[in-house]
Amino acid sequence: MGIVEIDNIAYEYIRRDEEGNVEGIVRAIDGISLDIKKGEFISILGGNGSGKSTLAKQINAILYPCEGTVYVDGKDTSDEENIWDIRQSAGMVFQNPDNQIIGSVVEEDVGFGPENMGIPTPEIIERVNEALKTLRMYEYRKHSPNRLSGGQKQRVAIAGVVAMHPKCIIMDESTAMLDPIGRKEVIRAARALNDVEKVTIILITHYMEETIYSDRIVVMDKGRVAMTGTPKEIFSRVDELKKLRLSVPQSTALAYELKKRGVRLGEGILSGKELVTALCRSYATM
Amino acid sequence: MIRDITIGQYYQTDSVLHRLDPRDKLAGTLIFIISLFVAKNVTSYAVATAFLIAVILLSKVPMSFILRGMKAVVIILLITVLFNLFLTPGITFVSFWKIRITYEGMKTAAYTAVRLTYLIIGSSLMTLTTTPNNLTDGLESLMKPLGVFRVPVHEIAMMMSIALRFIPILMEETDKIMKAQLSRGADFESGGLIKRSKALIPLLVPLFVSAFRRANDLAMAMEARCYHGGKGRTKMKPLVYRGSDYIAYAVIIMYFVLIVIAQRVGML
Amino acid sequence: MSIICDHVNYIYSRGTSDEIHALKDVCFKIEDGEFIGIIGATGSGKSTLIQHLNGLLKATSGHIYINGEDIYDSDYSLKKLRSRVGLVFQYPEHQLFEETVLKDVCFGPKNQGLTSTESQMRAYEALENVKMGEDCYDVSPFDLSGGQKRRVAIAGVLAMKPEVLILDEPTAGLDPEGREEILHLLKSLHDEQGITIILVSHSMEDMADYAERLLVMDKGSLIMNGSPREIFQNSAILEEIGLSVPQVTGVLREMRQKGFDVDISATTIEEAADSIMRALGL
């Protein structure tokens with residue numbers, strides 16, 4: 001059994017107008033099953049309104065499915081008794097860095113989760129220092145979060161989750177508000193946690209470039225899983241992705257264009273390096 | 001301009017005052033404020049002045065930084081002083097047109113000005129040398145006995161610490177929205193009172209919407225990190241009194257005794 | 001409408017310990033009808049610079065001329081300047097405040113002193129420009145989706161009929177399709193209505209696709225000024241200041257290193273494909 005098991009879930013919410021009358025029911029998730037293995041790095045891609053954030057919130061027991069069941073580390077999320085265990089084993093990092101930092105000093109913020117879990121003081125300090133070192137934010141531990149860059153703030157937020165010793169971290173569009181450097185910082189941190197600490201990572205994003213290192217990509221559309229596969233498999237389906245309000249990285253698009261023009265290249269080229277290597281292999285002798 | 005407000009801000013440095021237990025500083029500030037109302041003559045004010053200067057020096061917060069914070073309240077200060085100056089009855093010093101300034105008025109105005117200034121400097125010294133979290137920890141700890149009367153002490157403290165964290169963010173946001181609406185031709189400066197308050201709608205609506213969005217996000221982020229009220233919660237930095245904290249208590253009590261004596265035996 | 005920045009300096013919190021020299025001797029000229037891109041790492045002074053162009057910030061020293069007129073002249077009207085130079089901030093949807101979309105878009109024109117009917121005409125036109133249909137006019141802006149809100153907010157500035165439109169990262173946080181929509185909109189405003197566009201963006205790929213000329217900022221100074229083709233030849237400098245070149249330019253560069261005889265000046269997918277085809281002799 002995987003760390004996260006999503007069994008045919010649906011989620012609906014009621015849209016109301018200003019007077020509170022029911023305007024209609026929105027089916028944000030419409031029959032999704034997903035099994036996430038321990039230590040996996042999985043990316044969930046999808047355009048705005050595809051339901052990917054709603055899905056993320058199901059894993060952290062912020063929302064409960066209307067139909068079906070979500071198990072996190074073997075525990076049912078809709079069972080009230082499991083809620084704190086689940087939130088501890090599946091940590092969540094949100095989109096807006098300013099709206100998720102609670103402490104006014106970096107280290108106090110990182111300590112917030114362990115404090116809530118009722119961990120003894122000396123161990124909290126140990127966990128905070130360790131988490132800050134892992135995220136390479138230790139030298140900023142006494143700083144005010146307001147003075148940090150976007151990428152640094154998100155790393156503090158990740159450290160706050162890491163200090164709770166989760167088995168899995170969900171990043172709900174955590175890079176959407178960052179500049180390219182900040183995005184790189186956050187992705188690098190996520191990959192390191194996955195590689196070194198073997199933490200399961202669920203990365204939710206609409207930036208294709210960020211997903212190329214994942215073990216598996218799930219593409220969502222209108223509350224359903226539209227595609228699933230390895231990055232190579234997904235990225236070779238350029239036209240389908242475009243229909244789902246998504247786009248491929250420029251290097252992949254270039255490879256696709258070259259292939260259309262008759263250049264001999266393999267499927268699913270993910271990066272510029274791969275493209276150059278593939279070109280060398282086919283044409284270097286000329 | 002908004003950046004100039006230093007009240008409630010924390011000034012990061014390392015000083016005796018910074019290291020002091022927040023309960024010390026809270027109690028000390030309270031006693032200092034009471035002392036300002038006890039003091040009514042030059043001698044006792046001299047004692048208060050000496051004490052305040054000593055504390056400022058100990059805090060290592062630059063004087064310019066403290067004074068910058070005063071700019072924000074200078075108008076309130078002025079109004080109070082003018083009220084006292086013109087509206088206190090007594091022996092006339094000068095009078096012209098319908099306005100009469102009395103000796104008593106001048107005296108009260110001067111004392112009020114000093115008292116208010118000291119009050120603001122004193123309390124901003126507390127916030128300047130104490131991180132908001134530390135401050136609320138102190139408050140929580142001092143108010144703990146109220147828990148017996150079902151006062152939600154922890155919740156109040158948490159609300160305060162969050163409010164303090166979001167003040168600078170919302171200030172920045174106000175600045176940004178203001179600029180954006182100015183770019184759309186908004187005018188916040190001309191017209192009478194009604195027109196001006198109407199002009200604030202394009203600023204206030206987005207600000208409230210944003211504050212609610214942030215509150216919503218934050219609540220979710222806190223829950224995701226297992227926050228469930230004060231029950232069963234431990235502290236990363238529990239408050240423990242050290243030797244220097246007892247000395248500080250002794251100093252502040254000595255100061256208060258001194259003020260009372262100065263008030264009794266002092267001049268004017 | 002031409003814009004000239006003449007030795008513009010700007011210092012934040014002057015005379016205090018946290019004094020920041022945010023703009024250092026910035027000089028450039030923007031001609032009528034250009035599509036300009038401004039690139040630079042976070043904190044390089046891009047936002048400060050664009051706030052000078054519509055008078056939200058006043059230079060500590062130096063001059064800014066709009067159509068030859070000095071905007072710091074005592075009789076120059078800032079209100080007039082702001083209706084000629086429209087500025088769209090980052091996340092502009094955070095400034096929506098009216099009960100309906102239409103009313104919100106009318107806010108700018110009304111501030112310009114237009115009558116209610118004139119303002120509405122302007123709003124209709126602007127909403128049409130951003131592809132917002134009639135069915136949304138009476139909807140509360142808070143009920144729209146993220147991408148729609150963004151477009152309504154841009155319409156709010158467009159309705160003032162600016163001759164220059166400045167946008168600070170208008171695509172931030174949108175999905176690829178949403179980003180494309182906004183960029184297309186800017187291109188059509190530029191091509192069809194002749195509006196001068198000044199775009200601040202972190203995406204080198206978007207800049208290569210849309211901008212005619214790039215201004216590169218670093219630590220408050222304007223360090224490069226030229227066509228995307230010229231600018232993206234300097235990959236070493238760009239990387240040093242925290243920027244990059246478009247991915248395809250990087251691919252071409254790497255091919256050259258591997259011994260392919262390829263023209264490395266291409267910055268878009270089409271151009272890059274062309275030059276690779278030529279290099280491969282296909």
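Within the range B:154-180, can you find the residues that are touching a residue at least 24 places away in the same chain (Cβ under 8 Å), open to solvent by less than 40 Å² (accessible area, probe 1.4 Å) and farther than 15 Å from A:Ser104 by Cα?
Within the range B:154-180, B:His154, B:Glu173, B:Thr174, B:Ile177 qualify.
Quick check on the range C:253-282: of everything there that is assigned to a helix (DSSP H, G or I) and at the interface with chain A (Cβ under 7 Å from one of its Cβ atoms), which residue is nearest to A:Ala278 (Cα to Cα)? Walk me through how you get there before you give the answer.
Our first condition is that a residue be assigned to a helix (DSSP H, G or I); within the range C:253-282, this holds for C:253-257, C:269-280.
If we keep only those that are at the interface with chain A (Cβ under 7 Å from one of its Cβ atoms) as well, we get C:254-255, C:269, C:272-273, C:276-277, C:280.
Working: C:Glu254: 12, C:Met255: 11, C:Ile269: 17, C:Ala272: 16, C:Ala273: 15, C:Ile276: 13, C:Met277: 15, C:Leu280: 13 Å.
Step by step, filter the range C:253-282, then rank; the result is C:Met255.
Does the range A:236-249 hold any residues that are part of a loop (DSSP other than H, G, I, E, B) and of a type in the set (Val, Ile, Thr), and which are they? I'd like the intermediate steps shown before the answer.
As a first pass, look at the range A:236-249 and keep what is part of a loop (DSSP other than H, G, I, E, B): A:236-237, A:244-249.
Matches in the range A:236-249: A:Val248 only.
Please specify each residue of the range A:201-235 satisfying the condition of being of a type in the set (Asp, Glu) and in a strand (DSSP E or B). Give the derivation first.
Taking the range A:201-235 and keeping what is of a type in the set (Asp, Glu), we get A:209-210, A:215, A:221, A:233.
A:Asp221 - this is the single residue of the range A:201-235 that is of a type in the set (Asp, Glu) and in a strand (DSSP E or B).
Among the aliphatic types (A, V, I, L, M), within 9 Å of chain B (Cβ to nearest Cβ) and in contact with a helix residue (DSSP H, G or I) (Cβ under 7 Å, 6 or more places away or on another chain), is that true of A:Val128?
Numbers: among the aliphatic types (A, V, I, L, M): yes; within 9 Å of chain B (Cβ to nearest Cβ): yes; in contact with a helix residue (DSSP H, G or I) (Cβ under 7 Å, 6 or more places away or on another chain): yes.
So A:Val128 passes the test.
Which of (1) open to solvent by less than 40 Å² (accessible area, probe 1.4 Å); (2) aliphatic (A, V, I, L, M); (3) in contact with an Asp or Glu (Cβ under 6 Å, 6 or more places away or on another chain); (4) not in a helix (DSSP H, G or I) is the odd one out, the single condition A:Ile32 does not satisfy?
(3)
Just the residues that are among the aromatic types (Phe, Trp, Tyr) and modelled with pLDDT under 85, please, taken from the range B:1-53.
Applying the first criterion (among the aromatic types (Phe, Trp, Tyr)) to the range B:1-53 yields B:10-11, B:32, B:37, B:45, B:51.
Scanning the range B:1-53 gives B:Tyr10, B:Tyr11.
Scan the range B:120-133 and tell me whether some residue there is assigned to a helix (DSSP H, G or I), aliphatic (A, V, I, L, M), in the same structural domain as B:Ile259 (by TED's automatic domain parsing) and more than 24 Å from B:Ile34 (Cα to Cα).
No: the range B:120-133 contains no residue that is assigned to a helix (DSSP H, G or I), aliphatic (A, V, I, L, M), in the same structural domain as B:Ile259 (by TED's automatic domain parsing) and more than 24 Å from B:Ile34 (Cα to Cα).
Which of the residues spanning the range A:64-94 are under 16 Å from B:Met222 (Cα atoms), open to solvent by 10 Å² or more (accessible area, probe 1.4 Å) and either of a type in the set (Ser, Thr, Tyr) or under 17 Å from the mean Cα position of the chain (by Cα) (or both)?
Narrowing the range A:64-94 to residues under 16 Å from B:Met222 (Cα atoms): A:83-94.
Restricting the remaining residues to those that are open to solvent by 10 Å² or more (accessible area, probe 1.4 Å) gives A:83-85, A:88-89, A:94.
Residues satisfying the conditions are A:Gln88, A:Ser89, A:Phe94.
Only residues that are within 13 Å of chain C (Cβ to nearest Cβ), open to solvent by 30 Å² or more (accessible area, probe 1.4 Å) and more than 27 Å from the chain's Cα centre (by Cα): list them for the range B:189-204, please.
As a first pass, look at the range B:189-204 and keep what is within 13 Å of chain C (Cβ to nearest Cβ): B:189-191, B:195, B:198-204.
If we keep only those that are open to solvent by 30 Å² or more (accessible area, probe 1.4 Å) as well, we get B:189-191, B:195, B:198, B:200-201, B:204.
Passing the criteria: B:Glu189, B:Ser190, B:Gly191, B:Lys195, B:Lys198, B:Ile201.
Restrict the check to the range A:181-202 and report whether at least one residue is open to solvent by less than 50 Å² (accessible area, probe 1.4 Å), within 12 Å of chain B (Cβ to nearest Cβ) and at pLDDT 95 or above.
No.
Can you name every one of the strands (runs of 3 or more DSSP E) wholly within the range C:1-54 that holds 2 or more residues which are open to solvent by 50 Å² or more (accessible area, probe 1.4 Å) and closer than 18 Å to C:Glu69 by Cα?
Values: elements: C:3-12, C:20-30, C:35-39.
Answer list for the range C:1-54: C:3-12, C:20-30.
If a residue has to be more than 7 Å from chain A (Cβ to nearest Cβ), assigned to a helix (DSSP H, G or I) and open to solvent by 60 Å² or more (accessible area, probe 1.4 Å) to count, how many in the range B:207-248 make the cut?
Residues meeting the conditions: 6.
Here is a list: C:Ser61, C:Ser116, C:Ser74. Which entry is more than 10 Å from chain B (Cβ to nearest Cβ), polar (S, T, N, Q) and touching a residue at least 24 places away in the same chain (Cβ under 8 Å)? Can you show your working first?
Working: C:Ser116 fails: touching a residue at least 24 places away in the same chain (Cβ under 8 Å); C:Ser74 fails: touching a residue at least 24 places away in the same chain (Cβ under 8 Å).
None of the other options fit; the residue is C:Ser61.
Regarding A:Lys133, is this residue touching a strand residue (DSSP E or B) at 6+ places or on another chain (Cβ under 8 Å), under 29 Å from A:Ile3 (Cα atoms) and surrounded by fewer than 21 Cβ atoms within 10 Å (Cβ to Cβ)? Steps first, answer last, please.
Details: touching a strand residue (DSSP E or B) at 6+ places or on another chain (Cβ under 8 Å): no; under 29 Å from A:Ile3 (Cα atoms): yes; surrounded by fewer than 21 Cβ atoms within 10 Å (Cβ to Cβ): yes.
Criteria not met by A:Lys133.
Quick check on the range C:156-173: of everything there that is within 15 Å of the chain's Cα centre (by Cα) and farther than 21 Å from C:Leu78 by Cα, which residue is nearest to the other protein chains (Cβ to nearest Cβ)?
First pass over the range C:156-173, keeping only residues within 15 Å of the chain's Cα centre (by Cα): C:157-158, C:162-172.
Pick out the ones that are also farther than 21 Å from C:Leu78 by Cα and you get C:169-172.
Values: C:Glu169: 9, C:Pro170: 13, C:Thr171: 11, C:Ala172: 7 Å.
If we take residues in the range C:156-173 being within 15 Å of the chain's Cα centre (by Cα) and farther than 21 Å from C:Leu78 by Cα, then C:Ala172 is nearest to the other protein chains (Cβ to nearest Cβ).
Only one of (1) of a type outside the set (Lys, Arg); (2) surrounded by fewer than 20 Cβ atoms within 10 Å (Cβ to Cβ); (3) more than 25 Å from B:Leu135 (Cβ to Cβ) fails for A:Pro122. Which number is that?
(3)
The values are calculated or read from the model by the stated rules, or taken from the named source; none is laboratory data. Being a predicted model, the structure only gives us computed values, none of them experimental. Backbone-built Cβ (ideal geometry, glycine too); neighbour counts: all protein chains shown. Protein only, heavy atoms only, side chains kept; ligands, DNA and RNA dropped before computing areas. Shrake-Rupley method; radii C 1.70, N 1.55, O 1.52, S 1.80 Å.
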